[in-house]
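Below you'll find the structure, written out as structure tokens, and then a few comments.
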Amino acid sequence: MKISIDDIKNAKDQSLKINFDNKIKDLSTEGNIVAELVFKAYGKYINASGKIVANVKLVCDRCLKDFIKKIEVDVDETYMLGHLIPSEDAHSGQEIELKDGDFVTEITGTDELDVDDLIYQSVTLNIPNPCVCDINCVGDPEMEKYMKKEISDPRLEVFKNLKIKEEGK
């Protein structure tokens, strides 16, 4: 789903509310992703804010079983129209402190915002790591046979009995 930047700027109070209830390509979910987003224009900036709820299909890192995780994301994304103007500080070689307003996504060469991409990125960046089905998951007992404590290469056995002479002795 794409939204025209002109539609946002021409909306009442330069604010456009979008209700999303659909699936997104490349994001495996149970049911639709539900999002309520508000796009608001502020001069050369557009702010997207709202909430996304998705039941994402995941694989447990411990037991390798499929499970569903409900992910809720509060969105607050700022887009800048046109090219970023490099500041003098960026070329001085000195360190600068980044503030909240410094994190923006630059939009050039397009007159639309991709809502699907915003939702996809917001959900995938909020998938927990490590990804486990249950806090008490101990893993699959069958995996233990593949997780040997000591792996030795028989070709290297010759080095176990190697004695090194020190010079001068």
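The values are calculated or read from the model by the stated rules, or taken from the named source; none is laboratory data. This one's a predicted model, so the numbers in the text were calculated from it and none came from an experiment. We place every Cβ from the backbone using ideal geometry, glycine too, and count neighbours over all the protein chains shown.
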Seminar exercise, completed: Cβ pairs under 6 Å, 6+ apart or interchain, first in region 120-143 and within 30 Å of Met1 (Cα to Cα), second modelled with pLDDT of 85 or more and not in a loop (DSSP other than H, G, I, E, B), ordered by first then second residue, are Ser122/Ile52; Ser122/Val73; Ser122/Val75; Val123/Ala54; Val123/Ile71; Asn126/Ile71; Asn126/Val73; Cys131/Leu58
For this session: Identify the single condition in (1) modelled with pLDDT of 90 or more; (2) among the hydrophobic types (A, V, I, L, M, F, W, C); (3) surrounded by fewer than 16 Cβ atoms within 10 Å (Cβ to Cβ) that Leu98 does not satisfy, given that it satisfies every other one.
Result: (1)
Exercise. How about region 7-37: which of its residues are surrounded by 11 or more Cβ atoms within 10 Å (Cβ to Cβ) and farther than 26 Å from Val59 by Cβ?
Worked result: Asp7, Ile8, Lys9, Asn10, Ala11, Gln14, Ser15, Leu16, Lys17, Ile18, Glu36, Leu37
Exercise. Which residue pairs have Cβ atoms under 6 Å apart, sit 6 or more places apart or on different chains, and have a first residue in region 13-41 that is part of a loop (DSSP other than H, G, I, E, B) and a second that is hydroxyl-bearing (Ser, Thr, Tyr)?
Worked result: Ile24/Tyr120; Leu27/Tyr120
Exercise. Within the bounds of region 38-61, is there any residue that is surrounded by fewer than 17 Cβ atoms within 10 Å (Cβ to Cβ) and in contact with a Cys (Cβ under 9 Å, 6 or more places away or on another chain)?
Worked result: yes
Exercise. Out of region 134-169, which residues are modelled with pLDDT of 70 or more and in a helix (DSSP H, G or I)?
Worked result: Pro141, Glu142, Pro154, Arg155, Leu156, Glu157, Val158, Phe159, Lys160, Asn161
